[in-house]
């Protein structure tokens with residue numbers, strides 16, 4: 001707690017130039033005596049901070065002082081700036097913070113990373129929706145949404161949005177659903193319409209939010225042994241852990257994975273077309289063959 005207060009004193013003085021002890025005590029909600037003790041602690045740590053008495057006096061730092069002299073090494077400054085820059089994907093308003101810290105550290109701006117979670121061709125739509133959800137979470141605003149479930153049916157919900165979660169290439173909205181009277185996980189891409197209700201929720205769900213895995217539907221898994229053509233090597237490297245892949249002498253890949261045994265796995269395997277062969281289990285191989293035949297019959301008629 002004290003270290004945090006010392007850092008805030010430094011930041012305030014870097015930003016304002018000079019402040020009085022009463023001003024600092026009011027902002028930091030401590031006594032004037034505590035402020036003077038903090039000033040002494042900083043001075044003993046080698047920070048060039050001093051207090052001047054009389055009219056127009058106050059507490060200030062020696063001109064030209066920057067954090068790199070005492071608090072953070074050059075590498076630590078870079079790590080801090082890089083970490084904040086990576087947050088731009090979740091908060092578009094970090095540029096001001098980056099500018100302030102860059103000035104304090106006397107470092108030029110380097111756009112070393114750019115992360116964009118929006119879908120191809122849907123950048124403005126996804127960004128606007130993300131901003132709406134983020135604003136609702138921060139402002140504890142209840143939302144009305146129209147959602148498409150896994151059955152394909154749409155339904156209307158009123159929710160208290162709590163957290164945005166990015167997992168396995170998808171954004172999820174974790175919320176308390178008034179209709180279900182329980183916590184629910186909504187895939188952001190399946191939210192058809194969303195708008196604030198104008199109501200604020202006051203309940204504190206923070207300590208009750210379940211882990212995201214607890215809200216996923218239960219499923220059993222099956223061990224698959226697959227042979228995938230070398231022509232789809234890019235998908236093998238994109239979608240499977242290296243420890244589950246064995247390169248074959250002729251160039252194909254032997255992949256062994258555990259997948260949920262539901263309709264999803266059929267659709268997924270069909271996406272490889274004729275470049276995949278299911279070696280095990282034999283039941284899945286037969287089911288896949290029947291499904292492919294059904295698709296062929298459908299297009300033939």
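For segment 151-189, residues that are closer than 30 Å to residue 238 by Cα and in contact (Cβ under 8 Å) with a residue 12 or more places away in the chain total 16. Across segment 257-279, which residue is modelled with the lowest pLDDT among those that are within 27 Å of residue 150 (Cβ to Cβ) and part of a strand (DSSP E or B)? The extreme case among them is 260.
Among what's in segment 169-193 and is within 14 Å of residue 148 (Cβ to Cβ) and not in a strand (DSSP E or B), pick the residue that is modelled with the lowest pLDDT. The qualifying residue modelled with the lowest pLDDT is 189. Answer yes or no as to whether residue 60 is surrounded by 13 or more Cβ atoms within 10 Å (Cβ to Cβ), at pLDDT below 85 and in contact with a strand residue (DSSP E or B) (Cβ under 6 Å, 6 or more places away or on another chain). No.
Considering segment 165-191 alone, what residues qualify as being under 16 Å from residue 155 (Cβ atoms) and surrounded by fewer than 12 Cβ atoms within 10 Å (Cβ to Cβ)? Answer for segment 165-191, where residues must be under 16 Å from residue 155 (Cβ atoms) and surrounded by fewer than 12 Cβ atoms within 10 Å (Cβ to Cβ): 179, 180, 181, 182.
To keep it simple, each residue is scored yes or no on (1) surrounded by 11 or more Cβ atoms within 10 Å (Cβ to Cβ); (2) out of contact with any strand residue (DSSP E or B) (no Cβ under 8 Å at 6 or more places or on another chain); (3) outside the structural domain of residue 186 (by TED's automatic domain parsing).
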site: 210; (1), (2), (3): yes, no, no
site: 236; (1), (2), (3): yes, no, yes
site: 242; (1), (2), (3): no, yes, yes
site: 252; (1), (2), (3): yes, no, yes
site: 264; (1), (2), (3): yes, yes, yes
site: 274; (1), (2), (3): no, yes, yes
site: 284; (1), (2), (3): yes, no, yes
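Only one of the numbered conditions (1) at pLDDT 90 or above; (2) out of contact with any helix residue (DSSP H, G or I) (no Cβ under 8 Å at 6 or more places or on another chain) is not met by residue 245, and that is (2). If the condition is being within 17 Å of residue 129 (Cα to Cα) and part of a loop (DSSP other than H, G, I, E, B), then segment 139-168 contributes only 140. Would a scan of segment 74-91 turn up a residue that is at pLDDT below 65, outside any helix (DSSP H, G or I) and not assigned by TED's automatic domain parsing to the domain that holds residue 171? Looking for residues that are at pLDDT below 65, outside any helix (DSSP H, G or I) and not assigned by TED's automatic domain parsing to the domain that holds residue 171, one finds at least one in segment 74-91, hence yes.
The values are calculated or read from the model by the stated rules, or taken from the named source; none is laboratory data. Remember, it's a predicted structure, so these values are computed and weren't measured experimentally. Heads up, the Cβs are rebuilt from the backbone with ideal geometry, glycines too, and the neighbour counts pull from every protein chain shown.
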